[in-house]
Amino acid sequence: MPPPPPPPQGAMATGAANHPLPCSVGRPKGTNQRRRPASLSVRASSDANTVTLLDYGAGNVRSVRNAIRHLGFNIRDVRSPEDILAADRLVFPGVGAFGSAMDVLNRTGMADALREYIRRDRPFLGICLGLQLLFDSSEENGPVSGLGVIPGVVRRFDSSEGLIVPHIGWNALQITKDTQLLQGADGHHVYFVHSYHALPSDANRDWISSTCNYGESFISSISMGNIEAVQFHPEKSGATGLSIFEKFLSPNSSGAKAPAHRKASKLAKRVIACLDVRSNDNGDLVVTKGDQYDVRDHSSSKEVRNLGKPVELASQYYIDGADEVSFLNITGFRAFPLGDLPMLEVLRCASEKVFVPLTVGGGIRDFTDGSGRYYSSLEVASEYFRSGADKISIGSDAVFAAEAYLQTGTGKSSLEQISRVYGNQAVVVSIDPRRVYVKSPDEVQFRTVKVSSKGPLGEEYAWYQCTVSGGRDSRPIGAYELAKAVEELGAGEILLNCIDCDGQGGGFDIDLIKMVSDAVTIPVIASSGAGSVEHFSEVFEKTNASAALAAGIFHRKEVPILAVKEHLVDSGVEVRMQ
């Protein structure tokens, strides 16, 4: 598997730095520099306030940088194997696939330098893949040999019995060793996003500091001397994660953290805040909200609804307890997505203040600009990742890819390209269906459901026709068929909308969500229609949805995020409480 491509030249590579929007938290010098996979920047130093970062150029490492800087530390990037050996504290936020990461480390000579650094028992923190690479090998596109520091093989979660894979969301730790790094983390949820895991064994038991249960017990952190590594993402685990980072960076710090409202025991259901972002008639980026995808007021002004500024709202939702923040870019730039510099800047600024996962969708596709320069969807997605996105959401392109796949049985779509390089956990497919009532399932070739409420002519069944271009154009494929196809093509998560319910406040379309969440073994996010706290408990009690997303009720302050979570706790639903 090849490492991620370098950013394309021209507008994408330099434009964002030339057209910044003001951030309330200023970006340190050099934040917008672009990095190739094997080109890692400055030599390490012995400065007590400096952390050495091994960034080999795959995925979103900006969030780790922001967390380190948020805690008052400077960053030196690794350029050579010697820089690793000269580090006082080394952070390795592994992102992407095991094989491509080891290829870069071996090709640059950094694998041997890492082994020697760890042998010397120098302070080391590995994150996610940075933990997995310490083991002997991985089955991911393999077997592939790892660094061989810890005995064991990294294996994929087994979805054959219905386990949802990837393991995405906030789960609980079972702490097995008294370590400073995890002091205070007991009873709190931390954020995981991965499909592969290392299992405890007699050979590696002395390394294990915590485990996590998801289908089976797997290793969630290790500790041996000064060597620490975690499978979860502390930079995306809110205050708890920042406290863990602080304990590594400042071993004498207490790492203050908010008390848990309820002891975490298992994977939590997620509550996600969604921000539809577009330019208004004055050219300013605003958060808006549609009524069945119509974002203009019904008054005589017909202006785009303005519900606030994107970064400010995202920051507030993080403070309020949102488990994720999702940006949907509906601002345009249809002919040239990478000309959308303000949206990239929104991501950069938000990632400096929001320490939970960020998803962005809209405009992620192959395209050719006016000069004939071709840009692949992988290049577009790479820029969003570098700007702070943890996951990208694909809409219309996924519909076309699924149609082609169902016709030919093969595909070379944007979805597959991005999934191969960044892992399927980084790819969300957004499905926008519209309900079509029928009298009998025999009337259509698509999967139907017996609806809870009959249609206008007394129809008892419906199928859900998928749309593209923001709901403007219908396609000959159903939501069930699309969901099954994109799972095969490499999607790691499905965002399931419903045009009929959008902006209505009458609740999620339970019939649709149950049909799709029962059909796939990847996480499903319920979207469209939330109007009360009861709608959230209903969707979790009646369907297999892993998360529920809302927009308007949060923007208009009709239903606070905390009220949703308190209601879910009272209903017996596991959620993350700050």
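Tabulated data for the structure shown
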quantity: Hits in segment 533-572 - residues which are in contact (Cβ under 8 Å) with a residue 12 or more places away in the chain, more than 19 Å from GLN316 (Cβ to Cβ) and not hydrophobic (A, V, I, L, M, F, W, C); calculated: GLU534, HIS535, SER537, GLU538, GLU541, LYS542, THR543, ASN544, SER546, HIS567, SER571
quantity: Total residues in segment 185-195, condition touching a Phe, Trp or Tyr at 6+ places or on another chain (Cβ under 8 Å) and surrounded by 22 or more Cβ atoms within 10 Å (Cβ to Cβ); calculated: 4
quantity: Some residue of segment 501-516 being modelled with pLDDT under 95 and of a type in the set (Val, Ile, Thr); calculated: no
quantity: Subset of segment 106-122 [in contact with a strand residue (DSSP E or B) (Cβ under 9 Å, 6 or more places away or on another chain) and in a loop (DSSP other than H, G, I, E, B)]; calculated: ASP121, ARG122
quantity: Residues of segment 375-397 classified as among the basic types (Lys, Arg) and either at pLDDT 90 or above or in contact with a Gly (Cβ under 7 Å, 6 or more places away or on another chain) (or both), total; calculated: 1
quantity: Residue among LEU182, LEU199, LEU133 that is open to solvent by 40 Å² or more (accessible area, probe 1.4 Å) and of a type in the set (A, V, I, L, M); calculated: LEU199
quantity: Residues of segment 187-215 that turn out to be of a type outside the set (Lys, Arg) and free of Cβ contacts under 8 Å to residues at least 24 places away in the same chain, as a count; calculated: 3
quantity: Verdict on ARG27 being closer than 21 Å to THR108 by Cβ, modelled with pLDDT under 50 and surrounded by 15 or more Cβ atoms within 10 Å (Cβ to Cβ); calculated: no
quantity: Of the criteria (1) buried (at least 19 other Cβ atoms within 10 Å of the Cβ); (2) within 21 Å of MET102 (Cβ to Cβ), which one PHE232 fails; calculated: (2)
quantity: Hits in segment 547-578 (condition: open to solvent by 20 Å² or more (accessible area, probe 1.4 Å) and either assigned to a loop (DSSP other than H, G, I, E, B) or farther than 24 Å from LYS309 by Cα (or both)); calculated: ARG556, LYS557, GLU558, PRO560, GLU566, HIS567, VAL569, ASP570, SER571, GLY572, MET577, GLN578
quantity: Near pairs, Cβ below 6 angstrom, 6+ apart or cross-chain, from segment 225-236 (more than 16 Å from ALA198 (Cβ to Cβ)) to any residue that is assigned to a helix (DSSP H, G or I) and of a type in the set (S, T, N, Q); calculated: GLU235/SER63
quantity: ALA322 being out of contact with any Lys or Arg (no Cβ under 8 Å at 6 or more places or on another chain), at pLDDT 90 or above, in a loop (DSSP other than H, G, I, E, B) and not assigned by the TED database to the domain that holds PHE124; calculated: yes
quantity: Conditions (1) at pLDDT below 95; (2) open to solvent by 50 Å² or more (accessible area, probe 1.4 Å); (3) assigned to a loop (DSSP other than H, G, I, E, B); number of the one not met by ALA260; calculated: (2)
quantity: Cross-chain or 6+ apart pairs with Cβ under 9 Å, segment 239-251 first and more than 14 Å from ASP186 (Cα to Cα), then of a type in the set (D, E, K, R); calculated: LEU242/GLU235; LEU242/LYS257; PHE245/GLU235; PHE248/ARG89; PHE248/GLU228; LEU249/ARG89
quantity: Residue within segment 437-455 that is closer than 30 Å to PHE385 by Cα and in contact with a strand residue (DSSP E or B) (Cβ under 9 Å, 6 or more places away or on another chain) present; calculated: no
quantity: Residues of segment 540-554 satisfying the condition of being farther than 15 Å from ASN497 by Cβ and out of contact with any Ser or Thr (no Cβ under 9 Å at 6 or more places or on another chain); calculated: LYS542, PHE554
quantity: Test for ARG472: is it outside the structural domain of GLU324 (by the TED database), open to solvent by 10 Å² or more (accessible area, probe 1.4 Å) and at pLDDT below 95; calculated: yes
quantity: Qualifying residue in segment 499-509 (condition: in a helix (DSSP H, G or I) and either assigned by the TED database to the domain that holds VAL539 or open to solvent by less than 20 Å² (accessible area, probe 1.4 Å) (or both)); calculated: no
quantity: Residue in segment 85-95 that is in a helix (DSSP H, G or I), touching a strand residue (DSSP E or B) at 6+ places or on another chain (Cβ under 9 Å) and buried (at least 19 other Cβ atoms within 10 Å of the Cβ) present; calculated: no
quantity: Where LEU125 falls short, out of the listed (1) part of a helix (DSSP H, G or I); (2) in contact (Cβ under 8 Å) with a residue 24 or more places away in the chain; calculated: (1)
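One line per residue, one yes/no per condition, for (1) farther than 22 Å from LYS247 by Cβ; (2) modelled with pLDDT of 95 or more:
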position	(1), (2)
ASN49	no, no
VAL61	no, no
ILE75	no, yes
PRO81	yes, yes
GLY94	no, no
ASP112	yes, yes
ILE127	no, yes
GLY130	no, yes
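The values are calculated or read from the model by the stated rules, or taken from the named source; none is laboratory data. Values in this document were obtained by computation on a predicted structure and should not be read as measured data. Neighbour counts are summed over all protein chains in view; Cβ atoms, including those assigned to glycine, are modelled from backbone coordinates with ideal geometry. In case anyone asks, the SASA skips ligands and DNA or RNA and just uses the protein heavy atoms, side chains included. Shrake-Rupley method; radii C 1.70, N 1.55, O 1.52, S 1.80 Å.
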